[in-house]
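Reading through the structure tokens given below for one structure.
The values are calculated or read from the model by the stated rules, or taken from the named source; none is laboratory data. Note that the coordinates shown come from a computational prediction; the quantities given were computed from them, not determined experimentally. Cβ atoms come from the backbone with ideal geometry, glycine included; neighbour counts cover every protein chain shown.
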Amino acid sequence: MQSLPSTISWTENGSEHHALWRSESGFPAPQRVVIADDRMTADAAFRLASEGTAMLWRGDYHNARQLLQAMGRRTLKKPHKSAATPRDAFNQHRQAQSQRARTLGMLLIQVDAGHVIALRRAPDVQLACEQAYGAAGAPYVLSLRELLGVIGAYEWRRNGVPIPALGGERIHPHYGVFSPVRGEYLDLVAQAPLPAPLPELVFDIGTGTGVLAAILARRGIGHVVATDMEARALACARDNLERLGLMQQVELLQADLFPPGRASLIVCNPPWLPARPSSVLEHAVYDPDSRMLKGFLDGLAAHLLPGGEGWLILSDFAEHLGLRSRDDLLAMIASAGLQVAGRHDIRPRHPKASDPSDPLAGARVQEVTSLWRLRAA
């Protein structure tokens with residue numbers, strides 16, 4: 001994510017133009033920009049994008065969407081090298097994803113002040129963009145691909161995701177906050193036996209949408225302290241907990257991992273893969289050098305009350321990809337002064353788990369998500 005605003009420049013009708021540049025993925029503003037409209041062919045657009053030249057669209061909005069789809073099909077035509085190991089397959093997949101994102105990110109849209117798009121048949125994106133970016137007092141440029149992501153996130157937030165572990169009530173993810181679409185890890189937290197006696201205080205580390213805090217509160221926990229580093233996540237969690245009528249039971253706190261004090265139960269669902277994220281949403285999936293996992297484990301014993309438990313919710317997908325071994329995980333647990341009191345496992349149910357065309361299908365078919373019950377040694 002960008003930390004400082006940047007600008008993009010282009011020449012149009014013989015004049016130099018400038019605007020703010022937006023990229024949640026952190027891609028820098030393209031240095032070469034040409035004007036494109038409905039006369040642009042998919043082959044020409046794909047060639048320009050592959051060479052690093054961006055196209056600022058001035059034609060029909062729906063034609064731009066169709067052009068982007070056609071470019072996307074061309075990115076899939078490149079032959080894939082056979083991978084010697086699951087780790088090689090993962091690295092090739094990530095590299096292909098990154099290259100595809102950069103290529104498709106070269107089709108640009110200008111959005112005027114007030115989040116208005118001055119193109120034929122352009123949709124009203126004001127509410128979607130306000131939710132993602134806040135107010136816009138000046139024009140800006142972003143990739144059409146990112147704009148479509150903003151619009152999609154707006155629909156997710158408006159409609160919500162039904163959560164069986166909450167009796168079918170919905171969680172509404174905000175833009176930039178990972179959606180709880182993988183229900184199996186929620187079932188683990190909803191069904192695992194709570195420590196006896198019932199904990200009076202529980203910490204939810206890295207709360208995101210607030211879904212785990214909500215499940216714990218619905219299980220009868222009187223006080224849940226839910227933390228997150230990201231302001232977006234805390235705003236999202238507050239919105240969801242207010243909708244569910246649970247704010248009297250849940251306290252939200254901006255913190256890097258643990259809040260002050262100790263608790264009888266501490267729950268954490270860290271990112272599952274030790275790799276570098278390339279966008280905002282990927283921070284919920286990729287954890288560089290296992291930073292959050294190690295931080296949770298290393299600080300857990302000091303924040304548990306005597307006899308308390310830490311629940312680590314973690315997929316073993318990284319193990320099947322060769323990114324982290326089971327011995328590595330067990331060594332992290334032991335070096336943190338912890339012992340395993342038990343483990344509950346569940347198989348994933350998401351569509352990719354049984355999709356043979358997925359580049360990582362060999363690892364996905366073996367994946368198990370676990371709730372590790374940890375105690376101070």
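To keep it simple, each residue is scored yes or no on (1) touching a residue at least 40 places away in the same chain (Cβ under 8 Å); (2) farther than 28 Å from VAL150 by Cβ.
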| residue | (1), (2) |
| --- | --- |
| LEU273 | yes, no |
| SER278 | yes, no |
| GLU282 | no, no |
| GLY299 | yes, yes |
| GLY308 | yes, yes |
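Determine, yes or no, whether GLN97 is in the same structural domain as ILE151 (by TED's automatic domain parsing) and modelled with pLDDT of 95 or more. It is false that GLN97 is in the same structural domain as ILE151 (by TED's automatic domain parsing) and modelled with pLDDT of 95 or more.
Residues of the stretch 63-99 being among the basic types (Lys, Arg), more than 23 Å from LEU323 (Cα to Cα), out of contact with any Phe, Trp or Tyr (no Cβ under 7 Å at 6 or more places or on another chain) and not in a loop (DSSP other than H, G, I, E, B), which ones?
So the first thing to find is which residues in the stretch 63-99 are among the basic types (Lys, Arg), and the list is 65, 73-74, 77-78, 81, 87, 94.
From what is left, the residues that are more than 23 Å from LEU323 (Cα to Cα) are 65, 73-74, 77-78.
From what is left, the residues that are out of contact with any Phe, Trp or Tyr (no Cβ under 7 Å at 6 or more places or on another chain) are 65, 73, 77-78.
If the condition is that a residue be among the basic types (Lys, Arg), more than 23 Å from LEU323 (Cα to Cα), out of contact with any Phe, Trp or Tyr (no Cβ under 7 Å at 6 or more places or on another chain) and not in a loop (DSSP other than H, G, I, E, B), then ARG65, ARG73 are the ones that fit.
Note on the stretch 210-309: enclosed helices (runs of 4 or more DSSP H) holding 2 or more residues that are among the charged types (D, E, K, R) are 231-243, 291-303. Assessment of the stretch 144-162 against the conditions (aliphatic (A, V, I, L, M), assigned by TED's automatic domain parsing to the domain that holds ILE346, over 16 Å from the mean Cα position of the chain (by Cα) and buried (at least 20 other Cβ atoms within 10 Å of the Cβ)) yields no matching residue. Where residues in the stretch 98-119 are of a type in the set (S, T, N, Q) and touching a residue at least 60 places away in the same chain (Cβ under 8 Å), which of them is surrounded by the most Cβ atoms within 10 Å (Cβ to Cβ)? Among those residues, the one meeting the criterion is GLN110. Looking only at the stretch 161-179, residues that are over 30 Å from LEU107 (Cβ atoms) and assigned to a loop (DSSP other than H, G, I, E, B) come to 4 in all. Among the residues of the stretch 351-367, is any farther than 21 Å from GLN97 by Cα and touching a residue at least 24 places away in the same chain (Cβ under 8 Å)? Scanning the stretch 351-367, I find at least one residue that is farther than 21 Å from GLN97 by Cα and touching a residue at least 24 places away in the same chain (Cβ under 8 Å), so the answer is yes. When residues in the stretch 100-128 are screened for being outside any loop (DSSP other than H, G, I, E, B) and either within 15 Å of TRP21 (Cβ to Cβ) or not hydrophobic (A, V, I, L, M, F, W, C) (or both), 10 of them pass. Taken over the stretch 120-143, the criterion of being in contact (Cβ under 8 Å) with a residue 24 or more places away in the chain, surrounded by fewer than 18 Cβ atoms within 10 Å (Cβ to Cβ) and aliphatic (A, V, I, L, M) is satisfied by ALA122, LEU127, ALA138.
When the stretch 360-374 is examined, which residues are found to be of a type outside the set (Gly, Ala, Ser) and buried (at least 18 other Cβ atoms within 10 Å of the Cβ)?
First, pick out the residues of the stretch 360-374 that are of a type outside the set (Gly, Ala, Ser): 360, 364-369, 371-374.
Hits for the stretch 360-374 are LEU360, ARG364, GLU367, THR369, LEU371, TRP372, ARG373, LEU374.
Kindly indicate the residue of the stretch 320-377 that is polar (S, T, N, Q) and not in a strand (DSSP E or B) and also nearest to ALA192 (Cα to Cα) among those meeting that condition. Of everything passing the filter in the stretch 320-377, GLN366 is nearest to ALA192 (Cα to Cα). Within this structure, ARG182 fails the test of being modelled with pLDDT under 95, closer than 28 Å to THR369 by Cβ, part of a helix (DSSP H, G or I) and among the basic types (Lys, Arg).
Quick grid of which residues meet (1) buried (at least 19 other Cβ atoms within 10 Å of the Cβ); (2) in contact (Cβ under 8 Å) with a residue 12 or more places away in the chain; (3) of a type in the set (S, T, N, Q):
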{"site": "ALA196", "(1), (2), (3)": "no, no, no"}
{"site": "VAL211", "(1), (2), (3)": "yes, yes, no"}
{"site": "ARG218", "(1), (2), (3)": "no, yes, no"}
{"site": "LEU234", "(1), (2), (3)": "yes, yes, no"}
{"site": "LEU241", "(1), (2), (3)": "yes, yes, no"}
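Count, please, the residues in the stretch 186-209 that happen to be in a loop (DSSP other than H, G, I, E, B) and in contact with a Pro (Cβ under 8 Å, 6 or more places away or on another chain). Steps first, answer last, please.
At the first step, the residues of the stretch 186-209 found to be in a loop (DSSP other than H, G, I, E, B) are 192-200, 206-209.
From the residues that got through so far, the ones that are in contact with a Pro (Cβ under 8 Å, 6 or more places away or on another chain) too are 206, 208-209.
Summing the residues that are in a loop (DSSP other than H, G, I, E, B) and in contact with a Pro (Cβ under 8 Å, 6 or more places away or on another chain) in the stretch 186-209 gives 3.
For first residues located in the stretch 10-25 and not assigned by TED's automatic domain parsing to the domain that holds PRO277, partners that are assigned to a loop (DSSP other than H, G, I, E, B) and among the hydrophobic types (A, V, I, L, M, F, W, C) and lie 6+ apart or on another chain with Cβ distances below 7 Å form the pairs LEU20/ALA138; TRP21/ALA29; GLU24/MET1; GLU24/VAL280.
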